[in-house]
Amino acid sequence: MKLIDRGNGPPIVWIHGYPLSGRIFTPQTSISGFRHIVPDLPGFGSSPADAARATMDDFADGIIGLADNLSLTKFIVAGLSMGGYIAFAVIRKAADRIAAVILLDTRETPDSDQVRADRMSMIARVEASGTNAVFESMLPKLLCAQTLRSNSVLVDETRRILESASPAGITSALSAMASRPDSTSTARSIKVPTLIIVGANDSLTPPSDSERMHALIEHSQLNIVQGAGHLTTLEQPELTSRAISEFLGNQRNLV
Ligand code: MLT
């Protein structure tokens, strides 16, 4: 996996969502006092695809393998949306290596039957006619109405990020999301400090999902970011980074 490895201090592994890339965390890699490890998952951004089908465990194994290669005994795991689903799988496999958790715009529940069926038809569409249908349907869901209306620079940047996803990356992520297990008991098992962030206008994983995770995770705090949809890290970079910075300020001794 291609990655950015920037800064010094306790390591944070940032896991991006679908169908995005590590670029969604560019503003957060400026948070000082930490080492930011930002992979592009296989088939996204600048990483080549491994396979056209995958599971959350495959993605989690990739993240744990990356931590092994970098000799990280402990790390902070941060995941946005699908990155959060992967973070739950990492926690199931390697809870003793996780110093703290940052969950952004995600949920612990699995897909409903309808969402699973929609993902299967999207896989068929991508295999038949390429990735355009994914980009067109995702763009308006990732950003809130205010961003779409008034921030053409960010709309263009988001489109470029989407367009860096490969067909195999997309189908592997869709199959992994559709088959992911319920992470309710994983959320309940988390005993390390956890920050939950969500855009107030997130329509994909709305604040009610984050409120439910907040109730499940013992040592969690919840931050609802105004003026953001699903892509809090890019739509409100200062507010999001400040919330993370304040949370991390108390975690320097954990790793
Ligand atoms: C994501 O942003 O990673 C996806 O939209 C999540 C999902 O489709 O469940």
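Values quoted throughout were computed directly from the atomic coordinates according to the rules given, and no laboratory measurement underlies them. Remember, predicted model here, so these are calculated numbers, not experimental data. Please note: Cβ atoms are built from the backbone with ideal geometry, for glycine as well, and neighbour counts cover all protein chains shown.
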State which helices in the chain qualify, where a helix is a whole DSSP H run, it must extend 30 Å or more along its own axis by its Cα atoms, and its mean Kyte-Doolittle hydropathy must be at least 0.5.
-> none
Burial order of peptide ranges 231-243, 112-124, 80-92 (average beta-carbon count within 10 Å, highest first) = 80-92, 231-243, 112-124
Under the rule of -39500 (n - 2.57) per DSSP H run of 4 or more residues, summed and divided by the residues of the chain, what mean residue ellipticity at 222 nm is obtained, to the nearest 500 deg cm²/dmol?
-> -14000 deg cm²/dmol
Kindly provide log₁₀ I(q)/I(0) values, in the same order as q = 0.08, 0.09, 0.14, 0.15 Å⁻¹, from the Debye equation applied to equal alpha-carbon scatterers of the chain.
-> -0.26, -0.34, -0.88, -1.03
Radius 14 Å from Cβ of residue 105, net charge of other residues (Lys, Arg +1; Asp, Glu -1) | -2
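Rank-order 127-139, 176-188 by packing density, defined as the average count of other C-beta atoms within 10 Å over each peptide's residues, highest first. Don't skip to the answer; put the middle values down first.
Numbers: 127-139: 14.0, 176-188: 18.4.
My ranking of the peptides, most packed first, is 176-188, 127-139.
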Relative contact order, percent, the chain [alpha-carbon distance under 8 Å, six or more residues apart] | 24
Between the range 174-222 and the range 1-68, the alpha-carbon center distance in angstrom | 19
Please count, across the chain, the pairs of lysine residues with Cα atoms under 29 Å apart that sit 8 or more places apart or on different chains.
-> 6
